[in-house]
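A.B. asks: Here it is, the structure, as structure tokens.
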Amino acid sequence: MKKIINPWSNHPKYNCFGCAPNNPFGLHMEFFEDGDYIVSYWHPERNYQGWVDTMHGGVLSTLIDETCGWVVTRKMQTSGFTTNLSVKFRKAISTNEPVLTIRANIVKQMRNLLFIHAEITNAAGEVCVEGETTYFLMNEEKAKEMGFVHCEVEE
């Protein structure tokens, strides 16, 4: 498993809620490449609850969407945006959970649309949330316009 180097880190307007390390309100997600998968490990906390000691569904949806976005960044070497997000909540996740694992991989590509599957598992390895996303892939010119050049991993 190799850590993905954030290609946006030097962009002057970069402040993503999901992955910007300096966003004071953000999730501060980091990503790893593990074969066909993009993986993130995230530590829940009380500030992201919906109900007492229970993670907010919108935050869990964001974890899925963000990880799928990094599938686009790393695996497709471009930028894109979500056109569809479908989330199934299978089991409640406590804000006291020590770590969540978010994994996503490509299901198929049709022209400039990428279909991605993701899941969130708790520390016991139980699948708690599943997601399906569709991403619109930007062409190379548009991705460069948005500041994307390439996405590498640490050696």
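The values are calculated or read from the model by the stated rules, or taken from the named source; none is laboratory data. None of these values were measured; they are calculated from a predicted model. Here the Cβ positions follow ideal geometry from the backbone for every residue, glycine too, while neighbour counts run over all protein chains shown.
A.B. asks: What number of residues within segment 93-145 are basic (Lys, Arg), in contact with a Phe, Trp or Tyr (Cβ under 7 Å, 6 or more places away or on another chain) and touching a residue at least 12 places away in the same chain (Cβ under 8 Å)?
C.D. replies: Our first condition is that a residue be basic (Lys, Arg); within segment 93-145, this holds for 103, 108, 111, 142, 144.
From what's left, in contact with a Phe, Trp or Tyr (Cβ under 7 Å, 6 or more places away or on another chain): 103, 108.
Now restrict to residues that are touching a residue at least 12 places away in the same chain (Cβ under 8 Å): 103.
Of the residues in that region, 1 qualify.
A.B. asks: Is it true that residue 58 is in contact with a strand residue (DSSP E or B) (Cβ under 8 Å, 6 or more places away or on another chain) and in contact (Cβ under 8 Å) with a residue 40 or more places away in the chain?
C.D. replies: Details: in contact with a strand residue (DSSP E or B) (Cβ under 8 Å, 6 or more places away or on another chain): yes; in contact (Cβ under 8 Å) with a residue 40 or more places away in the chain: no.
So residue 58 does not fit the description; no.
A.B. asks: Report the residue count in segment 102-122 for those that are out of contact with any Leu (no Cβ under 8 Å at 6 or more places or on another chain) and either surrounded by 16 or more Cβ atoms within 10 Å (Cβ to Cβ) or among the aromatic types (Phe, Trp, Tyr) (or both).
C.D. replies: 8
A.B. asks: I would also like to ask the following. Just one of the numbered conditions (1) more than 21 Å from residue 27 (Cα to Cα); (2) assigned to a loop (DSSP other than H, G, I, E, B) is not true of residue 107; which one?
C.D. replies: Failed condition: (2).
A.B. asks: Given the conditions (1) part of a loop (DSSP other than H, G, I, E, B); (2) surrounded by fewer than 19 Cβ atoms within 10 Å (Cβ to Cβ), which single one is not true for residue 29?
C.D. replies: (2)
A.B. asks: Out of (1) modelled with pLDDT under 95; (2) within 18 Å of residue 128 (Cβ to Cβ), the odd one out for residue 22 is which?
C.D. replies: (2)
A.B. asks: Can you say whether residue 125 is at pLDDT 95 or above, under 21 Å from residue 88 (Cβ atoms), of a type in the set (Gly, Ala, Ser) and loosely packed, with under 14 Cβ neighbours inside 10 Å, as far as the supplied structure shows?
C.D. replies: Judged against the criteria, residue 125 is a match.
A.B. asks: Check residue 97 against each of (1) among the acidic types (Asp, Glu); (2) within 21 Å of residue 49 (Cβ to Cβ); (3) assigned to a strand (DSSP E or B) and name the one condition it does not meet.
C.D. replies: (3)
A.B. asks: While we're looking at this one, here's another question. Residue check: is residue 67 under 22 Å from residue 25 (Cβ atoms) and part of a strand (DSSP E or B)? Walk me through how you get there before you give the answer.
C.D. replies: Numbers: under 22 Å from residue 25 (Cβ atoms): yes; part of a strand (DSSP E or B): no.
Spelling it out, it is not the case that residue 67 is under 22 Å from residue 25 (Cβ atoms) and part of a strand (DSSP E or B).
A.B. asks: For residue 45, work out the one condition from (1) under 28 Å from residue 154 (Cβ atoms); (2) modelled with pLDDT of 95 or more it doesn't fulfil.
C.D. replies: (2)
A.B. asks: Looking at segment 1-25 only, could you name the residues that are within 22 Å of residue 46 (Cβ to Cβ) and more than 13 Å from the chain's Cα centre (by Cα)?
C.D. replies: Matches in segment 1-25: 21, 22, 23, 24, 25.
A.B. asks: Another question, if that's okay. Identify, please: which residue in segment 70-94 is among the β-branched types (Val, Ile, Thr) and part of a strand (DSSP E or B) and is, among those, surrounded by the fewest Cβ atoms within 10 Å (Cβ to Cβ)?
C.D. replies: Residue satisfying both the conditions and the ranking: 83.
A.B. asks: Select from segment 32-56 the residues that are in a loop (DSSP other than H, G, I, E, B) and out of contact with any helix residue (DSSP H, G or I) (no Cβ under 6 Å at 6 or more places or on another chain) and write down the one among them that is farthest from residue 104 (Cα to Cα).
C.D. replies: That would be 52.
A.B. asks: Among the candidates 131, 147, 125, single out the residue that is of a type outside the set (Asp, Glu), under 26 Å from residue 43 (Cβ atoms) and in a loop (DSSP other than H, G, I, E, B). It would help to see each step written out before you state the result.
C.D. replies: Working: 131 fails: in a loop (DSSP other than H, G, I, E, B); 147 fails: under 26 Å from residue 43 (Cβ atoms).
On inspection, the qualifying residue turns out to be 125.
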